[in-house]
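Just so it is clear, none of the values below were taken in a lab; they were calculated from the coordinates. Worth saying up front: this structure is predicted, and the values here are computed from it rather than measured. Note that we place each Cβ from the backbone using ideal geometry, even for glycine, and neighbour counts take in every protein chain shown.
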Amino acid sequence: MLLFILLSGLFLCGCAQYSSDQCNWRGSGLMHEARERDVEQVHLRCAEGSLEWLYPTGALIVNLRPNLPPAEGHLRACIKPRLDSRGATLYVERTGELRLLLTEEDQAAGRVRCFSLQEGALFVEASARRDISRTITAFQYQLISTQTPGDEPYSPTAACRPCADEELLMAICTSDFVVRGSVHHVEEEEEEDEGEASVVLSLSHVYRQKSRVFVSGGGGRGRGRWTGRVKTPRRCGPRAGQGELLFTGAVRFQEAWLGCAALYKDFIRLYRAALDAGTNPCHIDTD
């Protein structure tokens with residue numbers, strides 16, 4: 001049945017009314033003339049955006065291809081469903097073969113799943129049901145560059161190992177946020193399959209942040225008292241009382257994920273040695 005739906009999309013036009021701005025797509029399955037067999041082709045060409053499919057019927061093939069020059073590494077797409085998303089199952093599709101990505105239950109639990117763009121396109125198949133009223137399939141997507149196809153963008157510290165000196169220095173240049181401070185306390189998130197921990201930080205300096213995941217209580221030029229949360233696998237054992245640290249990481253769907261971290265005094269020693277040798281890949285204000 002799944003293969004038949006895929007093949008039928010080659011012969012049937014997508015007749016659903018929709019709105020699209022290359023980053024986001026919104027459409028309705030009610031406009032399908034051949035409701036059980038229609039396949040809509042969707043092309044999204046941004047690094048991040050959203051999809052909203054009202055009254056899903058038939059299927060969507062979602063092609064995620066950013067209008068960007070090829071970069072080093074491999075692109076992975078991460079999908080974060082809305083908690084009210086239901087009415088369809090998400091697969092990765094390549095030449096008619098499907099790999100399950102997100103069930104309706106996974107979507108209701110807010111599971112985030114990623115796949116390599118080399119694996120194929122995102123295939124969204126509407127569930128077989130008579131009553132499609134009050135159903136909507138909706139999610140955000142984000143394309144993330146990784147060094148190898150198997151890298152997991154949501155567990156930058158999955159191995160719970162210290163970053164090498166070169167990794168730490170490069171993280172200063174490439175991370176979505178670079179901050180200085182201490183761990184205030186740790187909140188475990190029991191409902192997550194992967195065993196995530198939410199680490200609450202008390203910061204004295206924000207060198208850079210991609211979005212406002214850290215908020216200031218006053219001060220200027222990045223100084224003053226700042227607070228915010230970063231996520232990390234619970235098995236990495238984050239804890240308060242480790243002293244002053246430098247934190248780096250990535251922002252995924254408005255959430256900060258911890259990458260490389262080090263005692264600030266160790267980082268300063270490393271950074272100044274690289275500065276003297278002229279091997280620092282970028283500059284950071286350490287005054």
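Data overview
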| item | result |
| --- | --- |
| Footprinting exposure proxy for Ile268, Ile284 (fewest neighbouring C-beta atoms within 10 Å first) | Ile268, Ile284 |
| Distance (nanometres) between label positions extended 7 Å along Cα→Cβ at Thr286 and Ser50 | 4.2 |
| Theoretical gain in end-to-end length, Ser28 to His184 [0.36 nm per residue, Cα-Cα removed] | 51.5 nm |
| Modelled FRET efficiency - R0 35 Å, Glu167 with Asp21, Cβ distances, 0.05 increments | 0.40 |
| ³J(HN,Hα) computed for each position of the stretch 254-262 - Karplus, 6.51 cos²θ - 1.76 cosθ + 1.60, integer Hz, glycine/proline x | 6, 10, 8, 10, 6, x, 6, 9, 7 |
